[in-house]
Amino acid sequence: LAKTTQPISMDSYEGQEVNITCSHNNIATNDYITWYQQFPSQGPRFIIQGYKTKVTNEVASLFIPADRKSSTLSLPRVSLSDTAVYYCLVDGRQGGKLIFGQGTELSVKP
Amino acid sequence: GAVVSQHPSWVICKSGTSVKIECRSLDFQATTMFWYRQFPKQSLMLMATSNEGSKATYEQGVEKDKFLINHASLTLSTLTVTSAHPEDSSFYICSARISGGTETQYFGPGTRLLVL
């Protein structure tokens, strides 16, 4: 299972764009990259998933370079309610165990 | 996204008793569900993989006789913490993977267990 590495914490201010980069040097050919958001005392919430290039939804964008050894979650114009822990995971299509790393604790300040 | 529920959302029990936690996929079928445990200020730790109609697969270091998992239908998995002790107090979270679809995992809201 690919191991992921993320910054432990990040600080931002309301209205700014936040980019969280995740390294996954040992990603396998059939692995997808998935990002989750977790608030205290809640289960993780699915944000976005991608395989290569760029994926965008109503919440975030995910940038994946050609070598797929890293990915960047981009949150546009964050608000206080985006303060949470963000997890990057790689996930094979078969078997599908998700092994969580430490995550990135994002703090958005007014 | 798909909805996963857990019941109860929190439970307090005496040491030595058993506690059952239910995990349901509400609007999809899940042949595979996963159980995690999370201690304060820590990441989620995978405990076991629950497969419908077969025995669960436990991660290394997780006692299968203490954490009983049953996945009797495509929408329900249960985790029973047997003879609970204070060190079992934790936040238990399940996830379910959509069968035959994108195989994205969706997580339940979690169950807070406090063993006195």
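Return the total of residues in the range A:33-57 being more than 10 Å from chain B (Cβ to nearest Cβ), polar (S, T, N, Q) and farther than 14 Å from A:T104 by Cβ.
Of the residues in the range A:33-57, 3 are more than 10 Å from chain B (Cβ to nearest Cβ), polar (S, T, N, Q) and farther than 14 Å from A:T104 by Cβ.
Of all the residues that make up the range B:19-51, how many are assigned to a loop (DSSP other than H, G, I, E, B), within 15 Å of the chain's Cα centre (by Cα) and over 17 Å from B:S5 (Cα atoms)?
2
If I ask for residues that are buried (at least 18 other Cβ atoms within 10 Å of the Cβ) and in a loop (DSSP other than H, G, I, E, B), which ones from the range A:27-39 would you list?
A:I27, the sole residue that qualifies.
Just wondering, is there one or more residues in the range B:54-66 that are in a strand (DSSP E or B) and in contact with an Asp or Glu (Cβ under 8 Å, 6 or more places away or on another chain)? Don't jump to the end; show me each part of the working.
Start the filter on the range B:54-66 by keeping residues that are in a strand (DSSP E or B), which leaves B:57-58.
If we keep only those that are in contact with an Asp or Glu (Cβ under 8 Å, 6 or more places away or on another chain) as well, we get none.
Scanning the range B:54-66, I find no residue that is in a strand (DSSP E or B) and in contact with an Asp or Glu (Cβ under 8 Å, 6 or more places away or on another chain), so the answer is no.
If I filter the range B:9-18 for residues that are touching a residue at least 60 places away in the same chain (Cβ under 8 Å), closer than 24 Å to A:I47 by Cα and either within 14 Å of the chain's Cα centre (by Cα) or assigned to a strand (DSSP E or B) (or both), do I get at least one hit?
Yes, that holds for at least one residue.
Assuming B:Q60 fulfils every condition listed in (1) polar (S, T, N, Q); (2) surrounded by 15 or more Cβ atoms within 10 Å (Cβ to Cβ); (3) within 29 Å of A:I8 (Cα to Cα) apart from one, which condition is it?
(2)
Quick one: is A:N30 within 14 Å of chain B (Cβ to nearest Cβ) and without any contact (Cβ under 8 Å) to a residue 24 or more places away in the chain?
On the way: within 14 Å of chain B (Cβ to nearest Cβ): yes; without any contact (Cβ under 8 Å) to a residue 24 or more places away in the chain: no.
No, not satisfied.
Inside the range B:8-23, can you point out the residues that are within 13 Å of another protein chain (Cβ to nearest Cβ) and under 18 Å from B:L76 (Cβ atoms)?
We begin by selecting, within the range B:8-23, every residue within 13 Å of another protein chain (Cβ to nearest Cβ); these are B:9-10, B:21, B:23.
The answer is B:S9, B:I21, B:C23.
Could you say whether any residue in the range A:82-102 is within 10 Å of the chain's Cα centre (by Cα), among the small types (G, A, S) and within 11 Å of chain B (Cβ to nearest Cβ)?
No - not one qualifying residue is present in the range A:82-102.
Among the numbered conditions (1) touching a residue at least 12 places away in the same chain (Cβ under 8 Å); (2) under 29 Å from A:N30 (Cα atoms), tell me where B:T57 comes up short.
Single failed check for B:T57: (1).
Which of the residues spanning the range A:78-102 are modelled with pLDDT under 95 and assigned to a loop (DSSP other than H, G, I, E, B)?
A:R93, A:Q94, A:G95, A:G96, A:K97, A:L98, A:I99, A:F100, A:G101, A:Q102
Counting only residues that are at the interface with chain A (Cβ under 7 Å from one of its Cβ atoms) and touching a strand residue (DSSP E or B) at 6+ places or on another chain (Cβ under 7 Å), give me the strands (runs of 3 or more DSSP E) lying completely in the range B:74-116 with at least 2 of them.
B:90-97, B:105-107
Of the residues that sit in the range A:1-26 and are part of a loop (DSSP other than H, G, I, E, B) and of a type in the set (A, V, I, L, M), which one is surrounded by the fewest Cβ atoms within 10 Å (Cβ to Cβ)?
That would be A:I8.
Scan the range B:74-106 residue by residue and report those that are within 17 Å of B:M45 (Cβ to Cβ) and of a type in the set (F, W, Y).
B:F91, B:Y92
The values are calculated or read from the model by the stated rules, or taken from the named source; none is laboratory data. If you're wondering where the values come from, they're calculated on a predicted model, not measured in any experiment. So basically every Cβ, Gly included, is an ideal-geometry build from the backbone, and we count neighbours across all protein chains shown.
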